[in-house]
Structure formats: structure tokens, C-alpha cells
1. Scan around residue 81 for amide H atoms under 5 Å from its own, H built in the peptide plane at 1.01 Å from N, and keep only partners 5 or more places away or cross-chain.
2. With each run of n ≥ 4 DSSP H residues scored as -39500 (n - 2.57), what mean residue ellipticity at 222 nm is computed for the chain after dividing by its residue count and rounding to the nearest 500 deg cm²/dmol?
3. Once you compute Rg and the Kirkwood Rh from C-alpha atoms, what is the Rg to Rh ratio for the stretch 1-81?
4. Taking θ = phi - 60°, what integer Hz values does the Karplus form 6.51 cos²θ - 1.76 cosθ + 1.60 yield along the stretch 38-45, in sequence order, with x for Gly and Pro?
5. How big is the chain on each of its three principal axes, counting only the C-alpha atoms and giving the largest first in Å?
6. Equivalent-ellipsoid semi-axes (√(5λ), Cα gyration tensor) for the stretch 70-126, whole Å, largest first?
7. Please give the contour-minus-distance gain from residue 118 to residue 65: 0.36 nm per residue of separation, less the Cα-Cα distance, rounded to one decimal in nm.
Amino acid sequence: MLSPRDIVHFYCTVAKPKPKHKFAMVACIEPKLRLLLVNSEVNALVVSTPELRSHQVPIDKASHQFLSYDSHIDCASPLGGDFDVFCREIADGHTQIVAVASDAVVAAISAVVENSDLLSGYDIKWILDGLSGAGPPQF
């Protein structure tokens, strides 16, 4: 079943410039599902904005075989979603759990989130609790 740290491959309707299949890491499930998108390239706006750039965590291909090349996890803009719908998409085969994020990547994400001035206090708490295994039971 879906757990924090899982890397999923799903159809992302909010991807820009158009919807497409993306990888994302499950940051937390309770009290609300939060996903952190994996991007192969960091766009120019993010590169030129120190606050956004500091929220990009490298994820390496060597430790994450599902990747075609080294990438980044965007911690600045967690995506929300309906947990039940996401689980149905997994059961139906429309979304796949492809890997689990390494301890090093999770530690780096936790450090970025803990020190974030961009994320809401709720997102910070939920993500840190989810990644640490604290808080409500994960389903």
C-alpha cells in the first residue's frame, strides 16, 4: 500500500506546459496526501530565485534505478490529492509505485522542509511527521 517515501509514476494534470506522466515522492498521507514532484531539469525561474532554488533536492540515478538521469525533487510546491482516488489509480494500474526514496534523499528533504520559509506550517508538520513515521498511522 502507499506510504511516505514511495516514489510513484502518475499522470499529472497540473504539469506545465501540459499534463504528462511524472514521478513524485509521497511526502505524507495523513492528514492529507502530499506529493513532491521529481523534475529532470530545474526551470529558469527556479534557478534565478534563491528561495525556490534552495527547495530543490538532488535525487541521483545511481541510488534510484527508475530514473534515466540525475534529477531534483521540488520541495517548494507540494501537490495535494485525494488519497482514496490515488489508491484506486494504483489498484487499477494507472499509477505505479516504482521505488522508495533513499535515506539520504529523505534526510535532505526533511532538512529543506524543516527550514522552509515558503511552506505553510501545516505542510511542514505533515511532511516531517510523514517522513519520520510520526503522527497518525500510515495506510
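Quick note: the coordinates plus some simple rules give every number you see, no bench work behind them. Predicted model, so just to flag it, every value in this text is computed and none were measured.
1. Amide H neighbours of residue 81: 33.
2. Only helices count here, giving -8500 deg cm²/dmol.
3. Details: Rg = 12.6 Å, Rh = 13.2 Å.
Using only Cα positions, Rg/Rh for the stretch 1-81 is 0.95.
4. 9, 10, 6, 10, 8, 6, 4, 4
5. Reported extents, whole Å, longest axis first: 40, 31, 28.
6. 24, 16, 9
7. Details: separation 53, 0.36 × 53 = 19.08 nm, distance 3.03 nm.
Full extension of this stretch gives 16.0 nm more.
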